[in-house]
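Report on the following structure.
The values are calculated or read from the model by the stated rules, or taken from the named source; none is laboratory data. Owing to the predicted nature of the structure, the values given are computational and were not obtained by experimental measurement. Don't worry about glycine lacking a Cβ; one is built from the backbone with ideal geometry, like all the others, and counts go over all protein chains shown.
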Amino acid sequence: MKNILVAAGLLLVATSASARDDVLELSVADAMANAKVSQAVGDGVQFYFGGQSHDTVKQTFGEWSTNKKTNAFGKSDEFACQWAFAGALKTLKQRAIKEGGNAVINIRSNYKNNLTSSDTHFKCGAGNVIAGVALIGDVVKL
């Protein structure tokens with residue numbers, strides 16, 4: 001009986017430890033300064049976060065969202081979040097190209113459907129095994 005109680009206690013601790021879901025606010029500039037991130041995102045589409053100023057919009061193709069996850073096992077929260085951020089931007093970039101746009105403006109974080117806007121930061125959910133970034137923005141031609 002004692003062994004069963006110890007095993008149940010260990011299982012409870014392991015379950016709660018694996019359920020970590022920290023919400024981080026990280027710098028867009030720091031993420032883009034990471035060579036792996038900027039290389040993964042590539043060129044060809046401009047990104048404007050929050051209320052950052054941009055050239056006049058000539059055509060709008062709609063609002064699009066992305067929700068990217070990455071394996072965070074063995075990685076720092078910051079790197080895992082930056083890598084998920086790269087995936088989210090790459091998805092928005094691909095959508096912009098597909099629609100005929102050259103920019104994504106008004107990019108906001110949408111972690112767990114909690115929309116937040118910042119010119120300089122994005123939100124990321126970091127757990128023991130998975131990190132995720134959800135973004136939403138307007139695909140346009142400038």
Which members of segment 21-31 meet the condition of being closer than 22 Å to Phe73 by Cα and either without any contact (Cβ under 8 Å) to a residue 40 or more places away in the chain or touching a Phe, Trp or Tyr at 6+ places or on another chain (Cβ under 7 Å) (or both)? Val23, Leu26, Ala31
Selection over segment 43-63 where residues are more than 19 Å from Ser27 (Cβ to Cβ), out of contact with any Leu (no Cβ under 8 Å at 6 or more places or on another chain), part of a loop (DSSP other than H, G, I, E, B) and in contact (Cβ under 8 Å) with a residue 40 or more places away in the chain yields a count of 1
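Give the residue that is farthest from the chain's Cα centre (by Cα), with candidates limited to residues of segment 1-31 that are surrounded by 11 or more Cβ atoms within 10 Å (Cβ to Cβ) and modelled with pLDDT under 95.
Residue satisfying both the conditions and the ranking: Arg20.
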Hey, can you tell me all the residues within segment 99-126 that are among the hydroxyl-bearing types (Ser, Thr, Tyr) and in a strand (DSSP E or B)? Ser109, Tyr111, Thr116
Do you know which residues across segment 32-74 are at negative phi, of a type in the set (Gly, Ala, Ser) and surrounded by 14 or more Cβ atoms within 10 Å (Cβ to Cβ)? Ser38, Ala40, Ser65, Ala72
